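Enquirer: The structure is given below, and queries will be raised subsequently.
The values are calculated or read from the model by the stated rules, or taken from the named source; none is laboratory data. Since the structure is predicted, the reported quantities are computational estimates derived from the model, not experimental observations. With ideal geometry, Cβ positions are generated from the backbone for all residues, glycine too; neighbour counts draw on all protein chains shown. Accessible surface is based on the protein model in full, side chains and every heavy atom, while ligands, DNA and RNA are left aside. Shrake-Rupley method; radii C 1.70, N 1.55, O 1.52, S 1.80 Å.
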Amino acid sequence: MSLQKYLAAGLGPRVLTGIILLAVVFTAWKAGGFPLFLLLLAVCCAGQWELYSLFLPNAELAAKLFGVLLGAGLVAQCRFLPEYSAGLALTASFALLAVHSLAGWTQETALARFRRAAILLGGIVYVPLLLSPALHYSPGEQLLVVAVPALSDIAAYAAGVQFGRRRIWPSVSPKKSVEGAAAGLLAAVAACIAAGWLLRGSAFSFPAWAGLGLFMGVMAQLGDFFESALKRAVHIKDSGKILPGHGGVLDRIDSVLFASAAFTLSRPFLG
């Protein structure tokens, strides 16, 4: 494919932004500890804010800040109080949002208040709950959770631009193709097999890590579709504009969120 076709497809800004993001993530990952916690906290807060901005009007500033604050509390609990499960922070968030919904309650505003509380709680579950377990992964596992969806996305994008003919789900994401999705899954499986060999050595289980790659690949693409569906519901193309070529933070981490959930569920069974 010619350079002009790639640039026309928007690859130029996308690659430049990706390089900058890679440098930031790599620096925080290499440092570990508190710098990594700060990066994950910033990503969660930005992702939640973008999600809330999709479904709550600008007038809901105080409510959005409240939801972001509760999400930050969940991330902080996972960092500083690891002996407690995330259920503690979720329970506290639910109770506080219930009180928030009841404050000034009237029958005329009840549905709007409960809807707002549900959106705020959904943002906490969607972003910080899915990402915060990564704080307790090994450095190699942390790299895996980021690298697998990234490599899958790159493979799917490149194959889709070059070979994409059949659209996989045009009503949700018009540009994604069956060919691109297949390439993304193959990349995810290959990445997990390589990671299993590097992390576990000769003791690694080929079927388990290949299965992990398939699971993470499917979940990464599902996460992409899920976020696309959220934006379609409110007729918005990108969750934000902070990342040229990618849109918003939520646009960039949508696949990572679901891939992280897949790894969290699979981790106890990996050989």
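Enquirer: Quick one: which of Arg200, Arg252 is modelled with pLDDT of 90 or more, basic (Lys, Arg) and within 18 Å of Val145 (Cα to Cα)? Give the derivation first.
Expert: Numbers: Arg200 fails: modelled with pLDDT of 90 or more.
Only one candidate passes the filter, namely Arg252.
Enquirer: Separate question: Select from the range 186-214 the residues that are assigned to a helix (DSSP H, G or I) and either among the hydroxyl-bearing types (Ser, Thr, Tyr) or open to solvent by 70 Å² or more (accessible area, probe 1.4 Å) (or both) and list them in ascending order.
Expert: Keep residues of the range 186-214 that are assigned to a helix (DSSP H, G or I), which gives 186-203, 206-214.
Correct list: Leu186, Trp197, Leu198, Arg200, Ser202, Ala203, Phe206, Pro207, Leu214.
Enquirer: Can you tell me how many residues within the range 111-124 are among the hydrophobic types (A, V, I, L, M, F, W, C) and either open to solvent by less than 60 Å² (accessible area, probe 1.4 Å) or under 13 Å from Ala62 (Cβ atoms) (or both)? Lay out the reasoning, then the answer.
Expert: Our first condition is that a residue be among the hydrophobic types (A, V, I, L, M, F, W, C); within the range 111-124, this holds for 111-112, 114, 117-121, 124.
Then keep just the ones that are either open to solvent by less than 60 Å² (accessible area, probe 1.4 Å) or under 13 Å from Ala62 (Cβ atoms) (or both); that gives 117, 119-121, 124.
Total meeting the criteria: 5.
Enquirer: Moving on to the next point. Restricting attention to the range 217-229, does a residue exist that is surrounded by fewer than 16 Cβ atoms within 10 Å (Cβ to Cβ), touching a Lys or Arg at 6+ places or on another chain (Cβ under 8 Å) and either more than 17 Å from Lys176 (Cβ to Cβ) or aliphatic (A, V, I, L, M) (or both)?
Expert: No, because not a single residue in the range 217-229 is surrounded by fewer than 16 Cβ atoms within 10 Å (Cβ to Cβ), touching a Lys or Arg at 6+ places or on another chain (Cβ under 8 Å) and either more than 17 Å from Lys176 (Cβ to Cβ) or aliphatic (A, V, I, L, M) (or both).
Enquirer: What number of residues in the range 89-110 are open to solvent by 60 Å² or more (accessible area, probe 1.4 Å) and modelled with pLDDT of 90 or more?
Expert: Of the residues in the range 89-110, 4 are open to solvent by 60 Å² or more (accessible area, probe 1.4 Å) and modelled with pLDDT of 90 or more.
Enquirer: Return yes when Ile236 is part of a loop (DSSP other than H, G, I, E, B) and hydrophobic (A, V, I, L, M, F, W, C) and no when it is not. Steps first, please.
Expert: On the way: part of a loop (DSSP other than H, G, I, E, B): yes; hydrophobic (A, V, I, L, M, F, W, C): yes.
Here the answer is yes, as Ile236 does meet what is asked.
Enquirer: Checking the conditions here, which among Val75, Val43 is under 19 Å from the mean Cα position of the chain (by Cα), of a type in the set (Val, Ile, Thr), modelled with pLDDT of 95 or more and open to solvent by 30 Å² or more (accessible area, probe 1.4 Å)? Let's see the steps before the verdict.
Expert: Details: Val75 fails: open to solvent by 30 Å² or more (accessible area, probe 1.4 Å).
It is Val43.
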